[in-house]
1. Looking only at the stretch 115-133, count every residue that is in a helix (DSSP H, G or I) and of a type in the set (A, V, I, L, M, F, W, C) and tell me the total.
2. For the stretch 204-226, name all the residues that are within 13 Å of the ligand (Cβ to nearest atom) and crowded, with 24+ Cβ neighbours inside 10 Å.
3. Restrict the check to the stretch 180-193 and report whether at least one residue is at positive phi and at pLDDT 95 or above.
4. May I ask you to say which residue of 99, 136, 159 is among the aliphatic types (A, V, I, L, M) and assigned to a loop (DSSP other than H, G, I, E, B)?
5. For residues in the stretch 97-147 being under 18 Å from residue 164 (Cα atoms) and of a type in the set (Lys, Arg), which is least open to solvent (accessible area, probe 1.4 Å)?
6. Among the candidates 215, 235, 202, 241, single out the residue that is in contact (Cβ under 8 Å) with a residue 40 or more places away in the chain, on the phi < 0 side of the Ramachandran plot and touching a Leu at 6+ places or on another chain (Cβ under 8 Å).
7. Can you pull out every residue in the stretch 82-125 that is among the acidic types (Asp, Glu) and touching a residue at least 24 places away in the same chain (Cβ under 8 Å)?
8. Could you tell me which residue of the stretch 177-195 is nearest to the ligand (Cβ to nearest atom), considering only residues that are under 17 Å from residue 86 (Cα atoms) and crowded, with 18+ Cβ neighbours inside 10 Å?
Amino acid sequence: MEEQIIGIMGAIPQEVEGILGVLQNKTAHSIGNRTYYQGFLGQQKVVLVYSRIGKVAASATASALLLHFRVSEIIFIGVAGGIAPHIEVGDVVVAKDLIQYDMDVSPLRPKYEIPLLNKTYFETNELRSNQVLRQIENFLSPQVLTTKIAADELRKFAIQQPKVYLGTIASGDQFFSTDQQKENLQQALPEVLCVEMEGAAVAQVCYEYNIPCSVIRTISDKANQEASFSFEFFVQKISQVYGQEIIEKLFQ
Ligand code: SAH
């Protein structure tokens, strides 16, 4: 049987650095302005890359993973802004499905539908998502989390009892940093848990190649006025730990 290779993506360096630190026997390959790291997590062969920001960058990177590196699955791990009122910084959202909130060819087709695909929501790999959910529940339990992240760091972000949720993620080419942006999305798509800039694009590429996809997002900010400040500190201090802990445990 052909060896299975898993593609692991983030958008920014800070989302993959923690995982890069635990990747074994790594080799680096530069293609199209990206560096792809091949290596092993436990027995699993993987290719790790950060795509840069936005739907175009993420789609191009996902395509290279599929066509050049022949991955048979993609897992995206990164940060996002919380949209649903109960979502707090430090929580994790595992995508059940993803939507491109900035796709709109109405009145020709229903708003948000991807032209010619006749599809609005892209579902993720249920098996992998459930496996990840259980792992994250364990990581976020107070006994485990406090051994990975110092108590005063957790306090700085007011992270108390972080939770993991399975639900809908919205993606588009905008950083949400005003209450207005947040309210508009809440009203338009009330089921959305968090917002980011890549996931639904990767999910579309995977759908078209018939490859399983999962998207895991730690909440770095609340997609409002404080978002840029919260985001910057969160990716400096915390997101690597979440990324490494979640991904490393999957392949132990
Ligand atoms: N610091 C970067 C910009 C980061 S954009 C620079 O200076 O170039 C934010 C990244 O985190 C995107 O990859 C997006 O997927 C995710 N993200 C986190 N919070 C977000 C928010 N409030 N709105 C949209 N995307 C967000």
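1. Taking the stretch 115-133 and keeping what is in a helix (DSSP H, G or I), we get 126-133.
Subset that is of a type in the set (A, V, I, L, M, F, W, C): 127, 132-133.
Residues meeting the conditions: 3.
2. Of everything in the stretch 204-226, those that are within 13 Å of the ligand (Cβ to nearest atom) and crowded, with 24+ Cβ neighbours inside 10 Å turn out to be 215, 216, 217, 218, 219, 220, 221, 223.
3. We begin by selecting, within the stretch 180-193, every residue at positive phi; these are none.
No, the stretch 180-193 has no match at all.
4. Within the list 99, 136, 159, the selection yields 159.
5. 128
6. 215
7. The answer is 88, 91, 97, 102, 123.
8. Selected residue: 195.
The values are calculated or read from the model by the stated rules, or taken from the named source; none is laboratory data. This is a predicted model, so every value here is computed, not measured. No Cβ is skipped: glycine too gets one built from the backbone with ideal geometry, and neighbour counts run over all protein chains shown. Ligands, DNA and RNA are excluded from the accessible area calculation, which covers all protein heavy atoms including side chains. Shrake-Rupley method; radii C 1.70, N 1.55, O 1.52, S 1.80 Å.
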